[in-house]
Amino acid sequence: MLAEATLGISVSSPVEDLPFRIPTKPVPAPAPAPPDPNQKRRVALASGLSLLWTLFALLAQFSGALDELEEPSLDWRQSLNSYPVPPSDQLALIAIDNIPADHPWPWSRLDYSLMLRSLIDYAPQSVVFEMNLNDRDTDYTSFDDTFSHIIERANTVVFAATAMSTSDSTPPPAKLGAIPFHGDTHLVSHFNSAIWPLPTFAGESPVGANNLESEMGLRLRRLPLVFLLNQKMIPSLVLQASAQFLGADLSSSEVQIGRAIFLRRKDGKLLRTIPIDDQGRMRIRYHTGPVASWQASFDNILVYDDQIQHGITPEHDLRNLVKRQVWIGRTDDKERERFKTAVGQISRVEVELQAERTILNQDYVRPMPPMILAALYLLIGLGGAAALIQWGPIHTGALLVILSGFWLESSVLAFRLYNIILPLPSFAMLIFGTYIVGLLASSWDLEPETDPRQLPLDF
């Protein structure tokens, strides 16, 4: 203490440094920013701009301008296997998956006669030959009589023809089956002739054209179901096979171009309504995995039949073919037409099986009804633009991102469960445009310019 006093240093305790009174009155908060006097005008401006943009997005959607962007997204949705579909119990495939070097293609009708003879005892509902059996060489025609007798014993055998643009006087088969039609046909594929199966065995059998019209790079998304042959509407092989399986009468059915094909029985009962576009095409609903629950190699049919005759259960039991429609076609790697699809690269006959399963199961791909889609787009467009004025760009941007994610998940779920197409490119266009017009409206200078001649004069 003496030293401190001597040096003149004042030492105070921490308690003495505390204020005598703690202030309890809070510091006043800064004054809030004054409300924008033009907010209602900005909301109206944003709504008007958003309405114009939404109508533009709907026009792009309904006119087909965005189809090139939409198709890959549909391929992606069809390739998802989160909800696998079981193979069809109505169809069967006998695949020509091996062409030996010592047995080159095309094969003699003897091969088909032996195979068809092995199938007769097991009562398939019908048999469809996907390849065109039109060879007139004696190497192939020498067994046509035998083939014809076996066809007469079978339930129904459907043959394929190939439509052509060149003129030919060859008459079509009697059971080709022309279909009544209505509508504008200028986009439907027109042909003047066709390569028909030989009448020596196919004269009394139904026939369908097996022409497939792929996109660039053998990409195939839609399959034509009808063609115009000398101003008559004829069925494709898939449509003919479907009609035979369902018991439809093509002369009692009807084609409305751009709308649907109405398959009816002879008594007029409607069996199927198949949606088609202006070109008479149906979008194929592809599914991953095998199309039919019964598939076997062509080489093994005679072996399986022999095993059954000797009381041996074969690997693929031919007795399970009863009431099924059996398709026969090439699936070997040397088949030149292997189409690119949403489920990979597959052969012609597998594409046609996918298409027929679409018809039999009524598994059609359908767009969302235009009125519902337009109402949703208007609600999102007008609401998003108004929200940006009210809540600001950051909160509204986060909301639109969440809404986009919900739309994407909904598009996958709606397609997988109900085959409903929720468009993605036009929705992305809508969201982007809504945000931009909202920003423009929020930053637009709505204050009227002051005329210098109207300024007050200071004296």
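The values are calculated or read from the model by the stated rules, or taken from the named source; none is laboratory data. Keep in mind the model is a prediction, meaning the values are calculated, not measured. Positions of Cβ are generated from backbone atoms using ideal geometry, with glycine treated the same way; all protein chains shown enter the neighbour counts. Note: areas computed on protein heavy atoms with side chains; ligands, DNA, RNA excluded. Shrake-Rupley method; radii C 1.70, N 1.55, O 1.52, S 1.80 Å.
Quick notes on this one:
- Over the chain, volume per residue of the alpha carbon convex hull, in Å³: 375
- When the convex hull of its Cα atoms is projected in every direction, mean area for the range 208-254 (nm²): 3.9
- Separation of the residue 62 and residue 363 label points, Cα + 7 Å toward Cβ, nm: 3.2
- Convex hull volume per residue, computed on the Cα atoms of the range 37-156, equals 237 Å³.
- For residue 194, residues with placed amide H under 5 Å, excluding near neighbours: 164
- Potential lengthening between residue 154 and residue 80 on full extension [0.36 nm per residue; Cα-Cα distance subtracted]: 22.7 nm
- Three-way shape call for the range 84-145 based on the alpha-carbon gyration tensor, with the a/c threshold at 1.5: prolate
- A 1.4 Å probe over all protein chains sorts 323, 175 by accessible area into 323, 175, starting with the largest.
- Extension reserve of the residue 251-residue 319 stretch, reckoned as 0.36 nm per residue once the Cα distance is removed: 21.1 nm
- The orientation-averaged projected area of the convex hull spanned by the Cα atoms of the range 95-204 comes to 9.3 nm².
- Phi angles of the range 176-187 translate, via the Karplus equation with coefficients 6.51, -1.76, 1.60 and θ = phi - 60°, into HN-Hα couplings of 4, x, 6, 10, x, 9, 9, x, 6, 9, 5, 9 Hz per residue; Gly and Pro are given as x.
- Whether the range 365-407 is rounded, prolate or oblate, judged on the alpha carbon gyration tensor where a/c under 1.5 counts as rounded: oblate
- One chain, two ends: residue 99 and residue 267. Fully extended at 0.36 nm per residue, the span grows by 56.0 nm beyond their Cα-Cα distance.
- When GluC sites (Glu not before Pro) are flagged only if DSSP places them in a loop and at most 15 other Cβ atoms lie within 10 Å, the longest unflagged stretch of the chain comes out as 1-203.
- When the P(r) is computed for the range 150-288, the part past 24 Å accounts for 28% of the Cα-Cα pairs.
- The residue list 398, 192, 314 was ranked by how far each Cα lies along the charge dipole of the chain toward its positive end, using unit charges on Cβ atoms, and 398 comes out on top.
- For the range 207-349: rounded, prolate or oblate by the Cα gyration tensor [a/c cutoff 1.5]: oblate
- Column: log10 I(q)/I(0), Debye, Cα scatterers of the range 327-390, q = 0.16, 0.20 Å⁻¹: -0.68, -0.84
- For the chain, the longest principal axis of the Cα atoms and the long axis of helix 109-120 meet at an angle of about 80 degrees.
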